[in-house]
There are 2 protein chains.
Amino acid sequence: MAGHVPVSESVDLARILAAQARLAGRARRTPLLSSPALDALAGRRVLVKAECLQHTGSFKFRGGWAALSALPEGMRGVVAASSGNHAQGVALAAARHGRAAVIVMPDDAPATKIANTRALGAELVLYDRATQDRDALCHEIAETRGFALIPPFDHPEVIAGQASVGLELAEQAGGVAAQVLVCCGGGGLSAGIALALEARAPQMQVRTVEPEGFDDTARALATGIVTPNTARTGLCDAILTPAPGRLTFPVLRRLAGPGLVVTDIEVLRAMALAFSRLKLVIEPGGAVALAAALFHPEKIAGESVIVIASGGNVDRAVFIRALNEEARHADC
Amino acid sequence: MAGHVPVSESVDLARILAAQARLAGRARRTPLLSSPALDALAGRRVLVKAECLQHTGSFKFRGGWAALSALPEGMRGVVAASSGNHAQGVALAAARHGRAAVIVMPDDAPATKIANTRALGAELVLYDRATQDRDALCHEIAETRGFALIPPFDHPEVIAGQASVGLELAEQAGGVAAQVLVCCGGGGLSAGIALALEARAPQMQVRTVEPEGFDDTARALATGIVTPNTARTGLCDAILTPAPGRLTFPVLRRLAGPGLVVTDIEVLRAMALAFSRLKLVIEPGGAVALAAALFHPEKIAGESVIVIASGGNVDRAVFIRALNEEARHADC
């Protein structure tokens, strides 16, 4: 991607609808679920978009598919840097396009993530966090092999793909005037949904949700100034991006309400309540939005709230920790 | 229900379609999910109907709603005997019809089940297993209060409601010639689906699946003779019915293939694989069909198999046991 692409040009409704058309029959139309018990806890109707049921267990398949399907015919492969959901989304989308996928991952990534990404047919390139520059390595691979780089959020087709979640919401939730709480890392999903809702359901407004210590987007929305997080590791591994994106932040600044922030304990409890009340497996980074709806209702407006459960790729040990955390409270 | 109602009269296609029409917009149309990893394990395409995402966490809401919505207008309430999924399905259906629900439950039922059923607005009558006759108590309540009794499976409207799962499958899985594995207790879900498929997708065939020690339906299908199980308690609490039903068994004998049987270890592993690969919470009784698909592929025919994940109401401790069981194996 050479030079700066103005946002209004990069992700307009035409591009979003084109991505949706390419995704039709490829991505799952995920259900919008609810539970009287969660409604009671939150003090309002809570509608949960179960994007953890998407192919590869997260919304990232949408952006991966949208980017892959927009490439010129001669492009034989793609490169992506990720040890998590983006890696799996791109790997499966590439395999289904008959294209090669090179996934660049730190050599200390969990064995299950390495195995899962390989099982989807991707070629893995492992690097040493201490001595190697990940981005330089990705560009080198892309250059040498003539592959396209698919960034996790700052890419117009990736954002347009994630926007399909917003188009589905506009259809599924009809005329509901609700805030839409979106788990936010780099902001690709939040910005995509915000753009889709602006066009199709302007009575809905996106609110980003982040974990404590990683509230770069909430701070930037409040002040207008982007200051990266200082913390590096935490429970919500899928959304620990240091700062909002160059393409995503201007969209969020224009369209999103104030950012919400939740604690790790609230995230674990939300995961346990999704287990008992929705029968869904949600990962920590995919549970921040539900945590905000359940435990910070006073910061949210409206009789209904929509929550994106953005992913479900969680290890057994963390899931058990969540179930045990909620057991310490009475109402699970 | 006075006297014997011949099956052909009691649940025909007209009754099934009428039940489906009353369920439209009330029951969730649950998604049909899949995962490349499960396909690889089973050696064929595995399509999972996620009925654990139904209201109250199991398919029982369908039969409950169908029965409630078929009652004459003057009927002010219903009685059901169940400590589990049938209780919750009937309680919610009654509440949404503005009718009273009396749920008869043993006084040693788990506190969470009592609390969940009460939270749905039902009135609970607890009885002593050692000294009281449950069925007599139900009839007495129905008689005294003028309420209708809603049995868990041997009831034409209940079977017609469960049949809506089969109608959805016929639409969702299109022309696939597949065996449909159904978790089987009294056979209401299995018989309902079998009748729907006979009418709408005759290339699909129901196979019942039961846990070891509770294979009353498999034995009866093999021999034609109903002999009740001797065991009473087990892991798969939702489907430990002692014998197939008077209305359900003749349907299964006519339409179902040989019954399948799985072990408790296989059930626990299937629950863990649904967690990691489908992001679904399935209870033991709802996981027997998936266990058969994954661990007994040689007993199943066809390039694809359809599995009903019939419920997700599982306690934390049992779920953790399942996750730990699978961790002892390599491929989770």
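The values are calculated or read from the model by the stated rules, or taken from the named source; none is laboratory data. These figures come from a predicted structure and were not determined experimentally. When we count neighbours, we look across all protein chains shown, and the Cβ atoms used for this are built from the backbone with ideal geometry, even at glycine.
For the stretch B:143-160, which positions are surrounded by fewer than 18 Cβ atoms within 10 Å (Cβ to Cβ) and part of a helix (DSSP H, G or I)?
Once the filter is applied, which keeps residues that are surrounded by fewer than 18 Cβ atoms within 10 Å (Cβ to Cβ) and part of a helix (DSSP H, G or I), the stretch B:143-160 yields B:Glu143, B:Thr144, B:Arg145.
Of all residues in the stretch B:70-98, how many are within 14 Å of chain A (Cβ to nearest Cβ), within 14 Å of the chain's Cα centre (by Cα) and either free of Cβ contacts under 8 Å to residues at least 60 places away in the same chain or surrounded by fewer than 24 Cβ atoms within 10 Å (Cβ to Cβ) (or both)?
The number of residues fulfilling the criteria is 1.
If you go through the stretch A:244-281, how many residues are farther than 30 Å from B:Glu283 by Cα and not β-branched (Val, Ile, Thr)?
Selection size over the stretch A:244-281: 15.
Can you find even one residue in the stretch B:293-302 that is out of contact with any strand residue (DSSP E or B) (no Cβ under 8 Å at 6 or more places or on another chain), more than 22 Å from B:Gly166 (Cα to Cα) and crowded, with 21+ Cβ neighbours inside 10 Å?
No: the stretch B:293-302 contains no residue that is out of contact with any strand residue (DSSP E or B) (no Cβ under 8 Å at 6 or more places or on another chain), more than 22 Å from B:Gly166 (Cα to Cα) and crowded, with 21+ Cβ neighbours inside 10 Å.
Filter the stretch A:286-306 for residues that are in contact with a Leu (Cβ under 7 Å, 6 or more places away or on another chain) and under 14 Å from A:Leu41 (Cα atoms) and give the result.
A:Ala292, A:Ala293, A:Leu294, A:His296, A:Ser304, A:Val305
Taking into account only those residues within the stretch B:168-181 that are surrounded by fewer than 23 Cβ atoms within 10 Å (Cβ to Cβ) and of a type in the set (A, V, I, L, M, F, W, C), which is modelled with the lowest pLDDT?
Here the residue is B:Val176.
Conditions first: (1) modelled with pLDDT of 95 or more; (2) assigned to a loop (DSSP other than H, G, I, E, B); (3) among the hydrophobic types (A, V, I, L, M, F, W, C). B:Leu221 passes all but one, so which condition is the exception?
(2)
With respect to B:Arg15, determine if the residue is touching a Phe, Trp or Tyr at 6+ places or on another chain (Cβ under 7 Å), surrounded by fewer than 22 Cβ atoms within 10 Å (Cβ to Cβ), not in a strand (DSSP E or B) and not acidic (Asp, Glu).
no
Before we move on, is B:Val48 β-branched (Val, Ile, Thr), assigned by TED's automatic domain parsing to the domain that holds B:Val206 and modelled with pLDDT of 95 or more?
Values: β-branched (Val, Ile, Thr): yes; assigned by TED's automatic domain parsing to the domain that holds B:Val206: yes; modelled with pLDDT of 95 or more: yes.
For B:Val48, the condition - β-branched (Val, Ile, Thr), assigned by TED's automatic domain parsing to the domain that holds B:Val206 and modelled with pLDDT of 95 or more - is met.
Given the residues B:Ala136, B:Ala109, B:Ala177, B:Ala163, which is the only one that is out of contact with any helix residue (DSSP H, G or I) (no Cβ under 6 Å at 6 or more places or on another chain) and assigned to a helix (DSSP H, G or I)?
Working: B:Ala109 fails: assigned to a helix (DSSP H, G or I); B:Ala177 fails: assigned to a helix (DSSP H, G or I); B:Ala163 fails: out of contact with any helix residue (DSSP H, G or I) (no Cβ under 6 Å at 6 or more places or on another chain).
Answer to the selection: B:Ala136.
If I filter the stretch A:112-125 down to residues being assigned to a helix (DSSP H, G or I) and over 21 Å from the mean Cα position of the chain (by Cα), which single residue comes out as nearest to the other protein chains (Cβ to nearest Cβ)? Give the derivation first.
Narrowing the stretch A:112-125 to residues assigned to a helix (DSSP H, G or I): A:112-119.
Within this subset, residues satisfying the condition of being over 21 Å from the mean Cα position of the chain (by Cα) are A:115, A:118-119.
Values: A:Ala115: 9, A:Arg118: 12, A:Ala119: 7 Å.
Only one residue fits best here, namely A:Ala119.
Kindly provide the set of residues from the stretch A:197-242 that are under 21 Å from A:Ile282 (Cα atoms) and of a type in the set (D, E, K, R), ordered by number.
Passing the criteria: A:Arg207, A:Glu210, A:Glu212, A:Asp215, A:Asp237.
When the residues of the stretch B:35-54 are filtered to those that are without any contact (Cβ under 8 Å) to a residue 24 or more places away in the chain and of a type outside the set (A, V, I, L, M, F, W, C), which remaining residue is nearest to the other protein chains (Cβ to nearest Cβ)?
Applying the filter and picking the extreme gives B:Pro36.
Does B:Ala194 satisfy the condition of being more than 17 Å from B:Gly286 (Cβ to Cβ), in contact with a helix residue (DSSP H, G or I) (Cβ under 6 Å, 6 or more places away or on another chain) and either at pLDDT below 95 or surrounded by fewer than 24 Cβ atoms within 10 Å (Cβ to Cβ) (or both)?
Criteria not met by B:Ala194.
Any idea which of (1) within 19 Å of the chain's Cα centre (by Cα); (2) without any contact (Cβ under 8 Å) to a residue 60 or more places away in the chain; (3) away from chain A (no Cβ under 12 Å) is the one B:Ala67 doesn't satisfy?
Result: B:Ala67 passes all but (2).
Going by the structure shown, is A:Leu189 in contact with an Asp or Glu (Cβ under 9 Å, 6 or more places away or on another chain), closer than 21 Å to A:Leu47 by Cα and in the same structural domain as A:Val305 (by TED's automatic domain parsing)?
yes
Which count do you get for residues in the stretch A:96-120 that are of a type in the set (A, V, I, L, M) and touching a strand residue (DSSP E or B) at 6+ places or on another chain (Cβ under 7 Å)?
Looking only at that region, the number is 7.
Quick test for you: out of A:Ala272, A:Ala256, pick the one residue that is within 14 Å of chain B (Cβ to nearest Cβ) and either touching a residue at least 60 places away in the same chain (Cβ under 8 Å) or closer than 14 Å to A:Leu189 by Cα (or both).
A:Ala272
Here's the yes/no breakdown for (1) closer than 20 Å to A:Ser58 by Cα; (2) within 16 Å of the chain's Cα centre (by Cα); (3) free of Cβ contacts under 8 Å to residues at least 12 places away in the same chain:
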position	(1), (2), (3)
A:Ala170	yes, no, no
A:Leu181	yes, yes, no
A:Gly188	yes, yes, no
A:Ala196	yes, yes, no
A:Arg200	no, no, no
A:Gln205	no, no, no
A:Thr208	yes, yes, no
A:Thr223	no, no, yes
A:Arg232	no, no, yes
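Would you mind stating whether A:Val5 is in contact with a Leu (Cβ under 8 Å, 6 or more places away or on another chain) and at pLDDT 95 or above?
No: the conditions fail for A:Val5.
Please go through (1) assigned by TED's automatic domain parsing to the domain that holds B:Leu53; (2) under 12 Å from B:Val79 (Cα atoms) for B:Ala160 and return the number of the only condition it doesn't satisfy.
Result: B:Ala160 fails condition (2) only.
Take the stretch A:294-329 and flag every residue that is of a type in the set (Lys, Arg) and within 12 Å of chain B (Cβ to nearest Cβ).
First pass over the stretch A:294-329, keeping only residues of a type in the set (Lys, Arg): A:299, A:316, A:321, A:328.
A:Arg316, A:Arg321, A:Arg328, listed by residue number.
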